[in-house]
Amino acid sequence: MSQAIQRSMAHGAAWMVLFKLLERSLGAISTLILVRLLAPKDFGMVAMATSFIAMAELLSAFGFDVALIQKQDAPEEHYHTAWTLNALMGLGITLLMLALAEPVAIFYKEPSLFWVVLALALGPSITGCENIGVVAFRKELNFRREFVFQLGRKLAGFAVVVPLAFWLHSYSALVAGTLAGKLAGTVMSYRIHPFRPRFSVAGAGTLLRFSKWLLISNFLGFLKARASDFLIGRIQGPAMLGLYNVSAEFANLPTTELGAPINRALLPGFARIGNDAAALSSAYVAAIGLVAMIVAPAAVGIFSVADLIVPVVLGPKWAGAAPLLKLLAFNGAMTVLEGGIYTMMLAIGYPHDVTRINGVYVAVQIFLMLLLVRSLGAIGAAYSALCGSVCAAPFYLYYLRKHTGVPFRAFWHSVVRPFAAATAMGAVLHWVLAGDIGAMSSSSAAWRLLGAVILGILVYVAALGGIWIALGRPDGPERLALERIVAKLNARFAPSR
């Protein structure tokens, strides 16, 4: 049974990674276009508005989808209740933000922000009406349907924001793209799943008993992600905030944007395994090894080529992004690795401990931001986020052992080979890329970046394989990957009868 669930989790992770690859490809293309058409201030304006809307959305951040997944035998009435509560809270948030549009503009000293908040305030009402039935895709480990649903909503936003950016050369394009994606997601949710919700609050008590901890945890998660918006925006202004947010987006592309979908696929799988400690331990060790094999080279790679990414990918307006990319890449890697433990603890019913850990992270992050953002700007915020992740790590490992019996050495054995191979890759890239990058032409820098990416991949694969063989070919993601490749090759080239 647990082996079948692990296979379903692996297939689900593959679908979610594929979705993220396509989504982020669209996002990267969109961002590459937008950074050439818009200024850092445009990105900062939208970030200011969305930060307040996201804070208001915390009123509805009960995570009813997670509660439905965690409770494997949830009756249909709970689905109706979850939809009802989401819709009512979405409407309430829209009304609240309409009332707060002017105070938000005054807080940031940006009068034009008033209209941005008014427009984006419609988003919570739109998403609140989304068909709750789509949560069944994840609960039943049907990630192919989840893939279709998630990709469709992203394509809609992309199709709106890029043409409008060429036309308007304004942050209005970002606002319209955001709303288009939300509307497309809600419409698609009813076309892709037959469930039809109705108004009901009969299951509210059961859902809220689990979800009240998720509300607190999501509030802390909001502060993790958005404290920089408030502090940088207020102290340093929209241009510095735009620089930080775009840097964070690019730094996290290959780490959180690949690791996060894997964690999304793990949640329903862990929930199905339940409290079988041996099966949970086996599933977690296999999963974290796979995640480390992806995020370790991604973080080290971004760090190594950050000075090339800025002139080649972002352009001269973003000259201060390189040091931010380096710091935020490692923070993204740590966030993903800790996210695997976060996911398991939610799946087996310990949201209160997740809340405690998030509290540690937020306390460290905000304390350091208050000290550093005024003097160091965006760099101070990046250091604060990284320190928060480092301080939270021991608590994650403690609760991992407490609730599942997975010892630290098992975690260490799962991640040490990928990070050792990534370190070797980074050393080679540092040696190859030594020199004055600022004196290069744009075409030379582009070719050098492409060569560095190809070289990094080759060195990482060779180093990882060499370390694995030298250690006696132990069980782990390397063996799983090799067996998968061999099976694919045998199936492709086997003689037909």
Problem set entry | Test: Leu386 is crowded, with 17+ Cβ neighbours inside 10 Å and over 13 Å from Tyr284 (Cα atoms) | yes
Exercise. How do the pairs read when you match residues in region 369-387 that are without any contact (Cβ under 8 Å) to a residue 40 or more places away in the chain and under 11 Å from Ile232 (Cα atoms) with residues anywhere that are polar (S, T, N, Q) and surrounded by 20 or more Cβ atoms within 10 Å (Cβ to Cβ), using Cβ under 8 Å and keeping only pairs 6 or more apart or on different chains?
Worked result: Leu372/Ser384
Exercise. Which of (1) buried (at least 21 other Cβ atoms within 10 Å of the Cβ); (2) modelled with pLDDT of 85 or more does Leu38 not meet, given it meets every other one?
Worked result: (2)
For this session: Would you check if Val364 is out of contact with any Ser or Thr (no Cβ under 6 Å at 6 or more places or on another chain), at pLDDT 90 or above, surrounded by fewer than 18 Cβ atoms within 10 Å (Cβ to Cβ) and of a type in the set (Val, Ile, Thr)?
Result: no
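Residues are listed down the side, and each one gets a yes or a no for (1) touching a helix residue (DSSP H, G or I) at 6+ places or on another chain (Cβ under 9 Å); (2) modelled with pLDDT of 90 or more:
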{"residue": "Ala434", "(1), (2)": "no, no"}
{"residue": "Arg448", "(1), (2)": "yes, no"}
{"residue": "Gly456", "(1), (2)": "yes, yes"}
{"residue": "Val459", "(1), (2)": "yes, yes"}
{"residue": "Leu464", "(1), (2)": "yes, yes"}
For this session: Output the number of the condition that Asp353 fails; it satisfies all remaining conditions of (1) closer than 20 Å to Phe219 by Cβ; (2) not in a helix (DSSP H, G or I); (3) not aromatic (Phe, Trp, Tyr).
Result: (2)
Exercise. Can you spot a residue in region 450-472 that is touching an Asp or Glu at 6+ places or on another chain (Cβ under 9 Å), in contact (Cβ under 8 Å) with a residue 60 or more places away in the chain and either part of a helix (DSSP H, G or I) or over 16 Å from Ala306 (Cβ atoms) (or both)?
Worked result: yes
For this session: State whether one or more residues within region 309-323 are touching a Leu at 6+ places or on another chain (Cβ under 8 Å), within 22 Å of Leu450 (Cβ to Cβ), in a helix (DSSP H, G or I) and free of Cβ contacts under 8 Å to residues at least 60 places away in the same chain.
Result: yes
Exercise. In region 305-323, is there at least one residue being closer than 25 Å to His413 by Cα, crowded, with 20+ Cβ neighbours inside 10 Å and among the aromatic types (Phe, Trp, Tyr)?
Worked result: no
Seminar exercise, completed: Taking region 224-259 and keeping residues surrounded by fewer than 20 Cβ atoms within 10 Å (Cβ to Cβ) and either within 28 Å of Tyr350 (Cβ to Cβ) or modelled with pLDDT under 75 (or both) leaves Lys224, Ala225, Arg226
Problem set entry | Val415 vs. criteria within 27 Å of Val312 (Cα to Cα) and either at pLDDT 85 or above or under 25 Å from the mean Cα position of the chain (by Cα) (or both) | no
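Residue-wise test of (1) small (Gly, Ala, Ser); (2) modelled with pLDDT under 80; (3) closer than 29 Å to Ala424 by Cβ.
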| residue | (1), (2), (3) |
| --- | --- |
| Asn263 | no, yes, yes |
| Arg272 | no, yes, no |
| Asn275 | no, yes, no |
| Ala298 | yes, no, yes |
| Ser304 | yes, no, yes |
| Leu308 | no, no, yes |
| Ala329 | yes, no, yes |
| Leu337 | no, no, yes |
| Gly340 | yes, yes, yes |
For this session: Can you confirm whether region 421-442 contains a residue that is closer than 30 Å to Leu346 by Cβ, part of a helix (DSSP H, G or I) and not polar (S, T, N, Q)?
Result: yes
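Let's see how each residue does on (1) farther than 17 Å from Ser189 by Cα; (2) modelled with pLDDT under 85; (3) among the small types (Gly, Ala, Ser):
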residue: Glu57; (1), (2), (3): yes, yes, no
residue: Ala99; (1), (2), (3): yes, no, yes
residue: Ser125; (1), (2), (3): no, no, yes
residue: Phe137; (1), (2), (3): no, yes, no
residue: Phe147; (1), (2), (3): no, yes, no
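The values are calculated or read from the model by the stated rules, or taken from the named source; none is laboratory data. Remember, it's a predicted structure, so these values are computed and weren't measured experimentally. Ideal geometry is used to build each Cβ from the backbone, glycine not excepted, and the neighbour counts take in all protein chains shown.
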